[in-house]
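Novice: So that we are looking at the same thing, I have put the structure below in structure tokens.
The values are calculated or read from the model by the stated rules, or taken from the named source; none is laboratory data. These numbers were taken from a predicted model, which means no experiment stands behind them. All Cβ positions, even for glycine, are placed from backbone atoms using ideal geometry, and neighbour counts span all protein chains on display.
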Amino acid sequence: MARAVWVARRTDDAFADALLPVRARNSHKGNYGRVLLLCGSRGLTGAAVLASRAALRTGSGLVYLGVPEAVYPIVASRAMSEIVFPLPCDREGRLCMQSLAEIEARLSGMDAVLLGPGLGRSEALRALCEAILKRCRVPLVLDADGINAFEGHSYLLRESTCPVVLTPHDGEFRRLGGMPDCPDRVLEARAMARRTACTVLLKGHRTIVTDGRRVFLNTTGNPGMATGGSGDVLSGILVSLLGQGVPPLEAAAGAAWLHGAAGDLAARRLGEAGMLPEDIIERLPRLLK
């Protein structure tokens, strides 16, 4: 049997530049997306801050950041333009099912949602993530522990009522049943996208983005981005693009390019060894209209 053939498009600055139109002179914050980020737990507050700041720097009009009430004072003290609000949590400082009612009340007013950075893991969180998946009606990004919540239950992703984008690194990809070390990562990413009915952004030296049919390969980025928090920045960029109306596949491909290109700008200025995720965020405006 002949081997399957796939054709990949490489993202570039022209592709990314076409994602967001020039802003109208008479526009307002409501025109550029309301996004909801559900992030953070005790000991992992930085993920929430980085993701929300990246969403703002990518142009979101309004960024709502829901965090466990146990870490609310920490996150709120670091916030500026983000709208931070506390949610019920367990004794370990992780979101729990008691937060679902307030989350559900906020979902209807959003244009996109991010679930996962810094959440931690527990049985209650797994149930909460499944409940949000069933109730969300706008594009949903599952990142980090939002992906881990579906370990052994990836079939549930097919039952979503909204477009879902997964952003796994190799370990998270494996927890969903993928084989990141296989000879052809593109075919494996496509298989995961078809199996879950999601858009998949498989992180790596050459990040792969696919909806199971179309494929984008990203060539921006550098080893200086291999540091804790870099993935949180990527997820913030992605939810921002989705909230501004960019379709899921194009938003994921564009986010990968912007993330890597901003990282390359930071590396040229600071060097790879000492650059931080915050340096990536600060360079995003240079890449946008």
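Novice: Specify which of the listed residues (Ala101, Ala54, Ala112, Ala47) is in contact with a Cys (Cβ under 7 Å, 6 or more places away or on another chain) and not acidic (Asp, Glu).
Specialist: That would be Ala47, the only listed residue that is in contact with a Cys (Cβ under 7 Å, 6 or more places away or on another chain) and not acidic (Asp, Glu).
Novice: Quick check on my filter: what residues within region 64-117 are within 29 Å of Thr161 (Cα to Cα), touching a Leu at 6+ places or on another chain (Cβ under 6 Å) and among the polar types (S, T, N, Q)?
Specialist: Answer for region 64-117, where residues must be within 29 Å of Thr161 (Cα to Cα), touching a Leu at 6+ places or on another chain (Cβ under 6 Å) and among the polar types (S, T, N, Q): just Ser99.
Novice: Restricting to region 1-41, and then to whatever is within 18 Å of Leu238 (Cβ to Cβ) and of a type in the set (Val, Ile, Thr), can you tell me which residue is modelled with the lowest pLDDT?
Specialist: This residue is Thr11.
Novice: A further question on this structure: Could you pull out the residue among Gly243, Gly204 that is touching a residue at least 12 places away in the same chain (Cβ under 8 Å) and surrounded by 23 or more Cβ atoms within 10 Å (Cβ to Cβ)?
Specialist: On the way: Gly204 fails: surrounded by 23 or more Cβ atoms within 10 Å (Cβ to Cβ).
Only one candidate passes the filter, namely Gly243.
Novice: Next up: Could you say whether any residue in region 83-101 is in contact (Cβ under 8 Å) with a residue 60 or more places away in the chain, surrounded by 17 or more Cβ atoms within 10 Å (Cβ to Cβ) and either at positive phi or not in a helix (DSSP H, G or I) (or both)?
Specialist: Of region 83-101, the ones in contact (Cβ under 8 Å) with a residue 60 or more places away in the chain are none.
No, there is no match, as no residue in region 83-101 is in contact (Cβ under 8 Å) with a residue 60 or more places away in the chain, surrounded by 17 or more Cβ atoms within 10 Å (Cβ to Cβ) and either at positive phi or not in a helix (DSSP H, G or I) (or both).
Novice: Looking only at region 246-260, which residues are among the hydrophobic types (A, V, I, L, M, F, W, C) and surrounded by 23 or more Cβ atoms within 10 Å (Cβ to Cβ)?
Specialist: Of region 246-260, the ones among the hydrophobic types (A, V, I, L, M, F, W, C) are 246, 249, 251-253, 255-258.
Selection gives Ala251, Ala252, Ala253, Ala255, Ala256, Trp257, Leu258.
Novice: Can you pull out every residue in region 155-180 that is of a type in the set (Gly, Ala, Ser) and farther than 22 Å from His205 by Cβ?
Specialist: Looking only at region 155-180, we keep the residues that are of a type in the set (Gly, Ala, Ser), and these are 160, 171, 177-178.
Across region 155-180, the qualifying residues are Ser160, Gly177.
Novice: Contact list please: Cβ distance under 7 Å, first residue in region 171-194 and more than 17 Å from Leu249 (Cβ to Cβ), second residue assigned to a helix (DSSP H, G or I) and of a type in the set (Lys, Arg), pairs at least six apart or on different chains.
Specialist: Pro180/Arg174
Novice: Filter region 212-229 down to residues that are buried (at least 22 other Cβ atoms within 10 Å of the Cβ) and free of Cβ contacts under 8 Å to residues at least 60 places away in the same chain and give me whichever is nearest to Asp143 (Cα to Cα).
Specialist: Met225
Novice: Of all residues in region 149-176, count the ones that are of a type in the set (A, V, I, L, M, F, W, C) and under 14 Å from the mean Cα position of the chain (by Cα).
Specialist: 3
Residues checked against (1) hydrophobic (A, V, I, L, M, F, W, C); (2) touching a strand residue (DSSP E or B) at 6+ places or on another chain (Cβ under 7 Å); (3) modelled with pLDDT of 95 or more:
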| site | (1), (2), (3) |
| --- | --- |
| Thr219 | no, yes, no |
| Ala226 | yes, no, yes |
| Leu234 | yes, no, yes |
| Leu238 | yes, yes, yes |
| Pro247 | no, no, yes |
| Ala253 | yes, yes, yes |
| Gly260 | no, no, yes |
| Arg268 | no, no, yes |
| Leu288 | yes, no, no |
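Novice: A further question follows. Is at least one residue of region 272-280 in a helix (DSSP H, G or I) and surrounded by fewer than 21 Cβ atoms within 10 Å (Cβ to Cβ)? Step through it out loud before you land on a result.
Specialist: Initial filter on region 272-280 (in a helix (DSSP H, G or I)): 277-280.
Then keep just the ones that are surrounded by fewer than 21 Cβ atoms within 10 Å (Cβ to Cβ); that gives 278-279.
The answer is yes; a qualifying residue exists.
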